[in-house]
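Here's the structure, in structure tokens; my notes come after.
The values are calculated or read from the model by the stated rules, or taken from the named source; none is laboratory data. Since we're looking at a predicted model, the values are computed, not measured. Virtual Cβ from ideal backbone geometry, glycine too; neighbours counted across all protein chains shown. Side chains included, ligands, DNA and RNA excluded: accessible areas come from the protein's heavy atoms. Shrake-Rupley method; radii C 1.70, N 1.55, O 1.52, S 1.80 Å.
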Amino acid sequence: MSKTISGFSKLSKSKKIDWIANTYFSNREHAKSIIKQYWNSNDKLQQLHDEFIENTITNYYLPLGVAPNFLINNTLYTIPMAIEESSVVAAASKAAKFWLDRGGFKTQVISTTKIGQVHFMHNGNVTELTNFFNAVKPKLLNAVKPISKNMEKRGGGILDIELRDKTNAIPNYYQLHVSFETVNAMGANFINSCLEQFAKTFKTEAETYTSFTTESKQIDIVMSILSNYVPDCLVRAEVSCKVEDLTENDDIPAEEFAKKFVQAVNIAEIEPYRAVTHNKGIMNGIDAVVLATGNDFRAIEAGVHAYAAKNGTYSSLSHAKIENDTFYFWMEIPLALGTVGGLTNLHPLVKLALEMLNNPSAQELMQIVAVAGLAQNFAALRSLTTTGIQQGHMKMHLMNILNQFEANTEEKTILTQQFKTQTVSHNAVLEALEKLRQ
Ligand code: MEV
């Protein structure tokens, strides 16, 4: 059976599944039954999911969990999280409860500007190009009016267009560097549509610009696209409390814990190997909420990691200090999020997640998401600097191991109880299960 095919996208869903089952699986019926097992029995809902992307064969489930008790600027939230990693929601809930008793999280949106660029080549003189840009700028803004009209009504639009000379890096390379306010929309479609119109108008105006010589009339557009690097779409989240209040039990003295915690953050600030894992822990919280609220987690990931390297070395996104007997822990991160458009008014679970968050504006969602990241980082560092990460991690992983060995409900109940006081490991669980089954 050939593994190449043309016209695949035009086949019906069932023909696509037949082709995949016949081409890649020895047990075709088994493969088909797994694919079909995840179809939704509600045809309309299934069709909605089928039409999100091309060549849909089935649905890929992730658990949607919730972390309650998040106090953010004196408002309580239960935060929805879509994620597969077993300990993340538990850690978020624990951190939320911990800070609930200590005044909660404080947040602030610092800025909301997004960026898009038209990349082009021009082999003329830079002064002539600058003169042309200044002359044509009002026409550029005018040309996108039909696209920007609605956005302007909502309080957004184009903030500025700059001509940037990049010829030092690549001969003849320039940019139209455009800043946008997209209010409650993530704005990718709006930004890209504006940029493509700018590119078109810029090129055609150059052809009739009388001050250009014949050779220098040429504007070669390379591409027009938004940037997912959004260092000016920034939100801050923080927690603080008296050092003496920083412990829940007597396992570790508060001063010692505070000191170790700050040391752990300092290490992530100067050591990229640690910083990447430290920030990955932050993204555990962030991605889960971004996904649950129908936002683009790849865009968020790319922008956040670029921001973590903005000073030339990859570093910790979060920071901590002890000052005047007070412990401070905070983070500033770029988050270009939307609460309208995209999946937000399409996916029933996304709508549910947003309603659970009291239908936030994009700015409110930025604050909630940043808090989820900071809480996750707090929980990870608390475990790492005290009990070690594996204790909590493996406890949460216990159910995965039990499921892997197809434990029944009774076995699960007995072993969950048993492993409350015993270290969880793959082997230990297998041994205990075998013993139980004998
Ligand atoms: C695991 O998903 C995340 C952690 O590794 C984060 C960290 O090390 O800070 C626990």
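Counting only heavy atoms of the protein chains and using a 1.4 Å probe, His393 has close to 60 Å² of accessible surface.
The gain in end-to-end length when the Asn427 to Glu85 segment is fully stretched comes to 121.1 nm, 0.36 nm per residue minus the alpha carbon separation. The helix-based estimate of mean residue ellipticity at 222 nm for the chain, built from -39,500 (n - 2.57) per DSSP H run of four or more residues and divided by its residue count, is -15500 deg cm²/dmol to the nearest 500. Whole angstrom only: what separates the Cα centroid of the stretch 291-360 from the Cα centroid of the stretch 26-88? Cα centroid to Cα centroid, the span is 21 Å. Based on the alpha-carbon gyration tensor of the stretch 393-437 and its eigenvalue square roots a ≥ b ≥ c, which shape applies: rounded if a/c is under 1.5, prolate if not and a/b is larger than b/c, or oblate? Cα axes put the stretch 393-437 in the rounded bin. Listed by chain and number, the aspartates and glutamates placed with their C-alpha closer than 14 angstrom to that of Lys153 are Glu181; residues fewer than eight positions away on the same chain are left out.
For the chain, with the dipole built from +1 on Lys and Arg beta-carbon atoms and -1 on Asp and Glu ones, taken about the Cα centre, which of Ser26, Leu346, Asn279 lies farthest toward the positive end? In the chain, that residue is Ser26. Taking the chain as a Gaussian network, Cα atoms linked when under 10 Å apart, which of Asp232, Asp165, Asp18 shows the biggest mean-square fluctuation? In this elastic network of the chain, the residue with the biggest mean-square fluctuation among Asp232, Asp165, Asp18 is Asp18.
Between Ser361 and Thr208, full extension at 0.36 nm per residue minus the direct alpha carbon distance yields a gain of 50.7 nm. Of the GluC sites (Glu not before Pro) found in the stretch 329-438, those that fall in a DSSP loop while having at most 16 other beta-carbon atoms within 10 Å are Glu406. Taking the charge dipole of the chain about its Cα centre, with +1 at Lys and Arg Cβ atoms and -1 at Asp and Glu Cβ atoms, the residue from Ser193, Val262, Asn42 reaching farthest to the positive side is Asn42.
Taking a straight Cα-Cα cut-off under 19 Å and skipping sequence neighbours fewer than 8 places away in the same chain, the aspartates and glutamates within cross-link reach of Lys280 are Glu84, Glu85, Glu238, Glu269, Glu271, Asp296, Glu301, Glu332. Here the calculated FRET efficiency for Asp101 and Asp325, from their Cβ-Cβ distance with R0 = 22 Å, stands at 0.75, rounded to the nearest 0.05. Taking all protein chains together, Leu100, Leu384 sort by accessible area into Leu384, Leu100, largest first [probe 1.4 Å]. Ranking of Tyr314, Tyr273 by solvent-accessible surface, largest first: Tyr273, Tyr314 (1.4 Å probe, protein heavy atoms only, all chains present). Each residue of the stretch 296-308 was assigned a 3J(HN,Hα) from its phi angle through the Karplus expression (A = 6.51, B = -1.76, C = 1.60, θ = phi - 60°), giving 8, 6, 5, 5, 5, 4, 4, x, 5, 5, 4, 5, 5 Hz with x at Gly and Pro. Accessible area per residue (1.4 Å probe, heavy atoms of protein chains only) ranks Ser361, Ser318 as Ser361, Ser318, with the largest value leading. FRET efficiency for the Lys200 to Met396 pair, using the beta carbon distance and R₀ = 45 Å, is estimated at 0.25. Straightening the chain between Ser6 and Val126 buys 38.4 nm, computed as 0.36 nm per residue apart minus the Cα-Cα spacing. Label sites at Gln263 and Lys420, each approximated as a point 7 angstrom past Cα along Cα to Cβ, lie 3.4 nm apart.
Here the chain has 51 percent of its accessible surface on carbon and sulfur atoms, given a 1.4 Å probe and all protein chains in place. Measuring against 21 Å, Cα to Cα, the residue pairs Lys145/Lys200; Lys242/Lys321; Lys94/Lys310; Lys203/Lys310 contain Lys94/Lys310; Lys203/Lys310 as the ones spanning a longer distance. For the chain, a/c is not less than 1.5, where a ≥ b ≥ c are the root eigenvalues of the C-alpha gyration tensor, and a/b does not top b/c. That puts it in the oblate class.
Here r is the Cβ-Cβ distance between Lys166 and Gln218 and R0 is 25 Å; the resulting FRET efficiency, rounded to 0.05, is 0.90. Apply the a/c threshold of 1.5 to the C-alpha gyration tensor of the stretch 286-343 and tell me whether it is rounded, prolate or oblate. Oblate.
Here the chain is assigned +1 on the Cβ of each Lys and Arg and -1 on the Cβ of each Asp and Glu. Its dipole about the Cα centre then comes out at about 1040 debye. Estimated at the nearest 10 Å², the accessible area of Tyr77 is 40 Å² with a 1.4 Å probe. Sorted on the mean count of surrounding Cβ atoms within 10 Å across their residues, most packed first, peptides 106-116, 32-42, 343-353 read 106-116, 343-353, 32-42. Spacing of the modelled spin labels on Lys13 and Lys280, each 7 Å from Cα toward Cβ, amounts to 3.6 nm. Projected label points at Lys310 and Asn150, each 7 Å from Cα along the beta carbon direction, are separated by 3.1 nanometres.
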